[in-house]
Structures are given as structure tokens and as C-alpha cells.
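Worksheet for the structure shown next.
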Amino acid sequence: MNSSLTSHLGLLVAAAVTGAVVLASTPAAAADTEKCYGVAKAGKNDCKTDTHSCAGASKADRDPASFIAVPAGSCAKIAGGMTEPAKK
């Protein structure tokens, strides 16, 4: 009986963690972030830009055209961070 209870408790914890991950990836969570350009390491950008077509494709550190998602309001606190891509 104790083993069964432990197994069920493990399943409940796994379900709770999965639910938290799903909630964190919903549009509401996205609304709490902003794009921060000019701070991503090479290959660590979040999405396509004018110069490449996918996430993780930036070739240089701190590419002013590449962004990462950061908590809303924090981009201005990062040295070199911009909420808009640099103008060409």
C-alpha cells in the first residue's frame, strides 16, 4: 500500500510540474516579456531576424539585429540592450 501511495504522489508531482511548464509557455507569460536586441551571445538568439531565418542562428555576440526574450522592463537595465533592432 505504501508503494502505491508513493507512486501516486510521484504522478501528482509530475502533473503539477508539467502544468506549471504549460502555463509558463502560454501567451499570458509571453506578455510579461519583451524582446531585447543587442545582448544575445552568438547562436543564442530567440527568433529569426532580417539577417537569418531561425533561432540560434546569430553569428556574432551582441548582434544589434538579434534578440532574446527577457522579463518586461529589464532590457533597459542590460548594458547595450535595446527594445527595437538597430537601424541600418
Review point. Considering only the range 42-51, how many residues are buried (at least 17 other Cβ atoms within 10 Å of the Cβ) and in contact with a Gly (Cβ under 7 Å, 6 or more places away or on another chain)?
Key: 1
Point to revise | Flag if Ala72 is touching a residue at least 40 places away in the same chain (Cβ under 8 Å), farther than 13 Å from Val39 by Cα and out of contact with any helix residue (DSSP H, G or I) (no Cβ under 6 Å at 6 or more places or on another chain) | key: yes
Check your understanding: For the range 46-86, which residues satisfy the criterion of being at pLDDT below 80 and in contact with an Asp or Glu (Cβ under 7 Å, 6 or more places away or on another chain)?
Key -> Ala55
Revision key, fill the gap. Of the residues in the range 52-88 that are under 11 Å from Ala40 (Cα atoms) and among the acidic types (Asp, Glu), the one that is surrounded by the most Cβ atoms within 10 Å (Cβ to Cβ) is Asp63
Practice item. Give the range 50-71 a look and list any residue that's closer than 15 Å to Lys87 by Cα and among the hydroxyl-bearing types (Ser, Thr, Tyr), or say none. Key: Thr51, Ser66
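The values are calculated or read from the model by the stated rules, or taken from the named source; none is laboratory data. If you're wondering where the values come from, they're calculated on a predicted model, not measured in any experiment. For neighbour counting, all protein chains shown are included, and Cβ atoms are generated from backbone atoms with ideal geometry for every residue, glycine included.
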